[in-house]
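Asker: Please read through the structure below; I'll follow up with questions.
The values are calculated or read from the model by the stated rules, or taken from the named source; none is laboratory data. Owing to the predicted nature of the structure, the values given are computational and were not obtained by experimental measurement. Glycine also receives a Cβ, built like all others from the backbone with ideal geometry; neighbour counts cover every protein chain displayed. Calculation scope for accessible area: heavy atoms of the full protein, side chains included, ligands and nucleic acids excluded. Shrake-Rupley method; radii C 1.70, N 1.55, O 1.52, S 1.80 Å.
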Amino acid sequence: MNINIKGKELGKGRPFVCVPIVEQEREDIVRAAESLKKKPADMIEWRIDWYCNSASIEEVCDIVSTLSEILTDKILLCTFRSKAQGGEKEITREAYMELLQNLAKQGKADMLDVEVCELEQPKPFLAELHQIGAVVIASDHNFSETPSTDIMAEKLLYMKNLGADVAKLAVMPNNRYDVLNLLSATASVKEAAPEYPVITMSMGETGMISRIAGQSFGSCVTFAAAGKTSAPGQMPLEDVVMILNKISESMEK
């Protein structure tokens, strides 16, 4: 499955580096985007749940439109991370679905993050978003533990079977072996579905190595920070880009 956005092909070569915007006020969100457009990131994720007026779909869509005008050569990923999945705010299922539907209809976001575990009927909902024209990253986050290797692989393949364009899994390690299990699950899914893009990460300091091991194990995007972080264990943007470039150059020799 080839996903090409703004001339960037997801899942080929060096993992994309995504930086989150986690500001509360519109002015600060726009200011962050203006700064990030000059940075060496491939993707920018706007974390809508951090925005002070996130309940206003009209205001959210207006900001997305502004971000798309600023970040012309970056992939714009829009995410409302629910409280249950480690985000900043509670949101009802109905409000969450309405927000995603409106963002899809607007068509300004390049990709939408969808928390499939929070939906009653995720498959038809993803089909609806696809019909509108959205590119979907299905996501699942566990901030307390790392499931078994088999369960993590099953989760990623489940998201594939739902019809998501990309599957994302983030877990919290309690020891170093948990990190190995996450990498093993990633590798096994890539062997089973080599053309399917997956994003995986083990969070916190213990899991930091997983954020730079994507090209070896199969994760196609990693998240870095240019200021505030959106999840534990995110490394500085410039450091991540430098390390990933070195790994990519060595693997291509």
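Asker: From the list Glu205, Glu145, Glu195, pick out the single residue that is under 26 Å from Ile21 (Cβ atoms) and in a loop (DSSP other than H, G, I, E, B).
Answerer: Answer to the check: Glu205.
Asker: Mind listing whichever residues of the range 55-78 are open to solvent by less than 30 Å² (accessible area, probe 1.4 Å), free of Cβ contacts under 8 Å to residues at least 60 places away in the same chain and of a type outside the set (S, T, N, Q)?
Answerer: Within the range 55-78, Val60, Cys61, Ile63, Val64, Leu67, Ile70, Leu71, Leu76, Cys78 meet the criteria.
Asker: So how many residues does the range 143-156 have that are buried (at least 18 other Cβ atoms within 10 Å of the Cβ) and either under 18 Å from Thr222 (Cβ atoms) or aliphatic (A, V, I, L, M) (or both)?
Answerer: Result for the range 143-156: 4.
Asker: Are any residues in the range 13-43 surrounded by fewer than 20 Cβ atoms within 10 Å (Cβ to Cβ) and either among the basic types (Lys, Arg) or farther than 19 Å from Asp239 by Cα (or both), and if so, which ones?
Answerer: Arg14, Gln24, Glu25, Arg26, Glu27, Asp28, Val30, Arg31, Glu34, Lys37, Lys38, Lys39, listed by residue number.
For (1) buried (at least 24 other Cβ atoms within 10 Å of the Cβ); (2) modelled with pLDDT under 95; (3) not acidic (Asp, Glu), each residue gets a yes or a no:
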site: Val171; (1), (2), (3): yes, no, yes
site: Asp178; (1), (2), (3): no, no, no
site: Leu182; (1), (2), (3): yes, no, yes
site: Ala187; (1), (2), (3): no, no, yes
site: Lys190; (1), (2), (3): no, no, yes
site: Val198; (1), (2), (3): yes, no, yes
site: Ser210; (1), (2), (3): yes, no, yes
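Asker: Kindly list the number of the only condition in (1) in a loop (DSSP other than H, G, I, E, B); (2) within 30 Å of Leu99 (Cα to Cα); (3) touching a strand residue (DSSP E or B) at 6+ places or on another chain (Cβ under 9 Å) that fails for Ala167.
Answerer: (1)
Asker: Would you confirm whether or not the range 213-221 contains a residue that is open to solvent by less than 60 Å² (accessible area, probe 1.4 Å), under 20 Å from Val22 (Cα atoms), of a type in the set (Val, Ile, Thr) and touching a residue at least 60 places away in the same chain (Cβ under 8 Å)? So that I can check it myself, show each step before the final result.
Answerer: Of all residues in the range 213-221, those open to solvent by less than 60 Å² (accessible area, probe 1.4 Å) come to 213-215, 218-221.
Filter once more, so that each one left must be under 20 Å from Val22 (Cα atoms): 221.
From the residues that got through so far, the ones that are of a type in the set (Val, Ile, Thr) too are 221.
Now restrict to residues that are touching a residue at least 60 places away in the same chain (Cβ under 8 Å): 221.
Within the range 213-221, one or more residues are open to solvent by less than 60 Å² (accessible area, probe 1.4 Å), under 20 Å from Val22 (Cα atoms), of a type in the set (Val, Ile, Thr) and touching a residue at least 60 places away in the same chain (Cβ under 8 Å).
Asker: Residues being open to solvent by 10 Å² or more (accessible area, probe 1.4 Å) and either of a type in the set (Gly, Ala, Ser) or touching an Asp or Glu at 6+ places or on another chain (Cβ under 8 Å) (or both): count how many of those fall in the range 115-129.
Answerer: Adding up the residues that qualify gives 2.
Asker: If Asn102 passes every condition in (1) in contact with a Cys (Cβ under 9 Å, 6 or more places away or on another chain); (2) open to solvent by less than 70 Å² (accessible area, probe 1.4 Å); (3) within 30 Å of Phe217 (Cα to Cα); (4) not hydrophobic (A, V, I, L, M, F, W, C) but one, which one does it miss?
Answerer: Here Asn102 meets the rest and fails (3).
Asker: Here's a follow-up. Identify, by number, the condition in (1) in contact with a strand residue (DSSP E or B) (Cβ under 6 Å, 6 or more places away or on another chain); (2) of a type in the set (S, T, N, Q); (3) over 22 Å from Glu9 (Cα atoms) that Asn181 doesn't meet.
Answerer: (1)
Asker: Does Trp46 satisfy the condition of being open to solvent by 10 Å² or more (accessible area, probe 1.4 Å) and either under 17 Å from the mean Cα position of the chain (by Cα) or under 23 Å from Asp140 (Cβ atoms) (or both)?
Answerer: no
Asker: Can you say whether Ser188 is of a type outside the set (Phe, Trp, Tyr), closer than 17 Å to Thr206 by Cα and more than 16 Å from the chain's Cα centre (by Cα), as far as the supplied structure shows?
Answerer: So Ser188 fails the test.
Asker: Same structure, new question: What is the one condition in (1) in contact with a strand residue (DSSP E or B) (Cβ under 7 Å, 6 or more places away or on another chain); (2) closer than 13 Å to Asn102 by Cβ; (3) aromatic (Phe, Trp, Tyr) that Trp46 does not satisfy?
Answerer: (2)
Asker: For the range 208-236, which positions are within 21 Å of Lys155 (Cα to Cα), in a helix (DSSP H, G or I) and not aromatic (Phe, Trp, Tyr)?
Answerer: Ser210, Arg211, Gly214, Gln215, Ser216
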